[in-house]
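Report on the following structure.
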Protein chains: 2
Amino acid sequence: MKPKITLKDIARELEVSISTVSKALKNSEEISRDTKEKVQAFAKLYNYKPNNIAISLKNKRTKNIGVVIPDIVHHFFTTVIRGIEKYANAKGYNVIVCLSEESFDKEVINMEMLANGSIDGFIMSLSSETQQKGDFNHLKEVTDQGIPVVLFDRITNEIDCDKVIIDDELGAYMATKKFIEQGKKNIAMITTDDYLSVSKARTQGYLKALKESKLGVDESKILKMPTMEMDEQGIKDFFDSHELDAVLCVNEIFAVYSMRLAQQKGLRIPEDIAFIGFTDGLLSKYANPSLTVVSQHGEKMGEVSAKLLIDKVESEEEEETYQTKILEPTLVIRDSIFH
Amino acid sequence: MKPKITLKDIARELEVSISTVSKALKNSEEISRDTKEKVQAFAKLYNYKPNNIAISLKNKRTKNIGVVIPDIVHHFFTTVIRGIEKYANAKGYNVIVCLSEESFDKEVINMEMLANGSIDGFIMSLSSETQQKGDFNHLKEVTDQGIPVVLFDRITNEIDCDKVIIDDELGAYMATKKFIEQGKKNIAMITTDDYLSVSKARTQGYLKALKESKLGVDESKILKMPTMEMDEQGIKDFFDSHELDAVLCVNEIFAVYSMRLAQQKGLRIPEDIAFIGFTDGLLSKYANPSLTVVSQHGEKMGEVSAKLLIDKVESEEEEETYQTKILEPTLVIRDSIFH
DNA sequence: AAGTATTGCGAAAACGGTTTCGTGTTGATA
DNA sequence: TATCAACACGAAACCGTTTTCGCAATACTT
């Protein structure tokens, strides 16, 4: 058990002042060759490492980024974290992860915990409860204090800050168009209620593609699930009451789950009914048949978010200009549709 | 933009000393009713919150936990993180997540970044490269400095610290026994090389069950994958060269992937060939057929790890006693075996 | 030899809190 | 009226750095 050594310890041992030690370790011009070598050798010998906390206090920079997300077991969020980690780590930043578990209160508590000096900025995606409530005061407080915030994926227009999203509307549009091109006539959509910003946008893309086509819109072909929980009967009824030949799902879980129910009904995929989901996760890759998806490029999203945040953190000027980066989704073709 | 207010600011405004403000906010007996009320009202009005960094520096406690794991996109690890988060948050701790990406160097760098005051303790699972190399000096250094460490899942005996694992051997034993009970005769195992502590233990459980039975061991029925990458041809050849009716896989990805290859060969699951995997993730749940797995109870593991760590961090005495908690795995029966 | 630069280093303030100890004021006691 | 607690507060040290500024001692001018 060898306790950490401090500047003071080195100073005492070498009979110089703390300031001298500090400067010597920074290779300052002020200090003579001799002294520098002596100090540096001693420091290396005893494996001196400066105390991060003291440094943080001094320059009011923690080199920590707070990431607040609704759920970590969701594949998309883990890929975003990975992207954030990657970029942040390369820049010498650590990532503090907090989970809101889709709860407004937890989101608020987590932000308050971190906002008192623990972090230099936030990267977040709003909890569904927050989006439903439409209460963003906790975000406002943080930005008012001059703490930079980057919102990704689940965002709000009520807060002025940098944002990163994919073009959800375009993704849904592309997917729907693909169905249409392949001759599908009865294209359904399975989504959540509109309170999630992404669900809303995706539904719009779906509608847009249908409106542009000769098929037209049939609102009854949109199934809105009230929660993220899987409602087996609801989906079965939906399938029974419509003659569908294609389904666009707002996430991969809905898609894979629905595929199974369709298969149980004796339908062949993609001949009788084709599927496209959102989120390019493990599930899509290993599903049977493998699922065609609109990839959201989570890792990229994380990197871009981290870059935006760190740029803001490290910029001297307090420019009050914010940007919204819109990433292009791509279609990853797999066996749940015709190739 | 309202900047953070400090004790000094309050003291100046109220024309009292900083110490008085500090004590008043802590409701100290020393301070008069009047002054306390005045100070507290002022603090509330201006939304004073103490600076975490200053407090950390003072009492040498950060209330941060460092979590270093090989991979975050792996479902098991995300559930562990969720468990850690849950317990840690309830205790007022934040979780700093670092990814080693299975690399020894990254693991070392991450630990060094955090070990200089940023965290009160580590919870980690070793990268595969670290387990292969058998070099644990970075862990030794940290424990030597008196920083508590808890290892989970991928552990080593070379470091004295608290550990949390599931009984991997028992899990594999249970699974294999299940196959035997159901009359399976040719039970294979698909695993990684033995350098991963968990793979080794699981293989042993598999062997133990077979030895106890009349079936006996056939080493050629163990397929060892050199990496985590899926080797389609390797698995196909394995299936072609053996008459198998059951396969135990060391994780769910191997299992789901192998199931698909088996199905492509025209085999029915579970009638012709049954599958059991490890890790109770999304993949198992939504696979077709859904996969029977040995559940590792990741969330529980995270909670237990966090509890062990925080207990140690907050205990005054430096007891040098370490415990290893062994969690019981359970079999989650799904459609890839007979019910 | 006197004055000026240069070099090398240390004292001290600052970051934002906590905490120990000391002290002036008050009221009660003898 | 002198003595002493109790009360209410402030000064200052401390946590481990960084950084400014001042000041010796030496070297360089003329």
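Across region B:116-182, C-alpha contacts under 8 Å between residues 6 or more apart give a mean separation that, scaled by the residue count, equals a relative contact order of 29 percent.
Kindly identify region B:214-282 as rounded, prolate or oblate by the Cα gyration tensor criterion: order the square roots of the eigenvalues as a ≥ b ≥ c, call it rounded if a/c is under 1.5, otherwise compare a/b with b/c, prolate if a/b is larger, else oblate. Since a/c stays below 1.5, the shape of region B:214-282 is classed as rounded.
Going through the cross-link list B:178/B:224; A:38/B:8; B:58/B:91, which pairs have a Cα-Cα distance over 31 Å in this structure? Among B:178/B:224; A:38/B:8; B:58/B:91, the Cα-Cα distance tops 31 Å for A:38/B:8. The ranking of B:99, A:170 from fewest to most other beta carbons within 10 Å of each one's beta carbon is A:170, B:99.
Counting Cβ atoms of other protein chains within 10 Å of each Cβ in B:69-77 and taking the mean gives 3.
Charged side chains reduced to their Cβ positions (Lys and Arg at +1, Asp and Glu at -1) give the protein assembly as shown a dipole of some 600 debye around its Cα centre. As a length-normalised measure over Cα pairs under 8 Å and 6 or more apart, the relative contact order of region A:168-296 settles at 26 percent. For region A:212-251, GluC sites (Glu not before Pro) meeting the loop criterion (DSSP other than H, G, I, E, B) and having at most 13 other Cβ atoms within 10 Å: A:229, A:243. Compactness of region A:1-103 was expressed as the Cα radius of gyration divided by 2.2 N^0.38 Å, which yields 1.54.
Annotation for region A:268-339: GluC sites (Glu not before Pro) lying in DSSP loop with at most 13 further Cβ atoms inside 10 Å of their Cβ are A:271, A:316, A:317, A:318, A:319, A:320.
Neighbour counts of C-beta atoms inside 10 Å place A:45, A:57, B:14 in the sequence A:45, B:14, A:57, starting with the fewest.
Of the beta bridges in the protein assembly as shown, as assigned by DSSP with both residues counted there, near 10 percent are antiparallel. The equivalent ellipsoid of region A:7-50 has semi-axes of 14, 11, 9 Å, largest first, where each one is the square root of 5 times an eigenvalue of the Cα gyration tensor.
Spatially, region B:309-332 and region A:1-36 are offset by 39 Å when compared through their Cα centroids. Pairwise Cα distances in region A:172-239 exceed 21 Å for 26 percent of all pairs.
Here, region B:168-296 has an Rg and a Dmax of 13.1, 35 Å when only alpha carbons are counted.
Could you state the angle between the C-alpha long axis of helix B:33-45 and the longest principal axis of the C-alpha atoms of chain B, as a value from 0 to 90 degrees rounded to the nearest 10? That helix lies at roughly 50 degrees to the long axis. The amide H of residue A:274, built 1.01 Å from its N in the peptide plane, has A:246, A:247 as neighbours under 5 Å, considering only residues 5 or more places off or on other chains. The spacing between region A:220-235 and region B:236-298, judged by their C-alpha centroids, is 29 Å.
Dividing the Cα radius of gyration by the Kirkwood radius, what Rg/Rh value follows for chain A? The Rg/Rh ratio comes out at 1.15. To the nearest ten degrees, helix B:197-212 and the longest principal axis of the Cα atoms of chain B are 40 degrees apart. So what J values fall out for region B:173-190 if you push phi through Karplus, 6.51 cos²θ - 1.76 cosθ + 1.60 with θ = phi - 60°, rounded to Hz, Gly and Pro as x? 3J(HN,Hα) across region B:173-190, in whole Hz: 4, 4, 5, 5, 4, 4, 4, 4, 4, 7, x, 6, 10, 10, 9, 9, 9, 10.
Compared with the rule-of-thumb size 2.2 N^0.38 Å for a compact globular protein, region A:76-157 has a Cα radius of gyration ratio of 1.07. Of the beta bridges in chain B, as assigned by DSSP with both residues counted there, near 10 percent are antiparallel.
Mind checking the angle between helix B:252-264 and chain B's longest principal axis? C-alpha axes, 0 to 90 degrees, to the nearest 10. Orientation of helix B:252-264: about 30 degrees from the principal axis.
The relative contact order of region B:162-207 comes to 57 percent, based on Cα pairs under 8 Å that sit 6 or more residues apart.
Once a ≥ b ≥ c are taken as the square roots of the eigenvalues of the Cα gyration tensor of the protein assembly as shown, is the result rounded (a/c under 1.5), prolate (a/b larger than b/c) or oblate (a/b not larger than b/c)? Oblate shape, in that a/c is at least 1.5 and b/c is the bigger or equal ratio. Sites listed here are trypsin sites (Lys or Arg not before Pro) in region B:252-339 whose DSSP assignment is loop and whose Cβ has at most 13 other Cβ atoms within 10 Å: B:265, B:268. The aspartates and glutamates whose alpha-carbon is closer than 19 Å to the alpha-carbon of residue B:285, local same-chain residues fewer than 8 away aside, are A:71, A:229, A:231, A:232, A:252, A:280, B:252, B:299, B:335.
Taken together, the values in this text are just the output of simple stated rules run on the coordinates, not laboratory data. All values reported here derive from a predicted model rather than from experimental measurement. Every residue, glycine among them, receives a Cβ derived from its backbone with ideal geometry; neighbour counts consider all protein chains shown.
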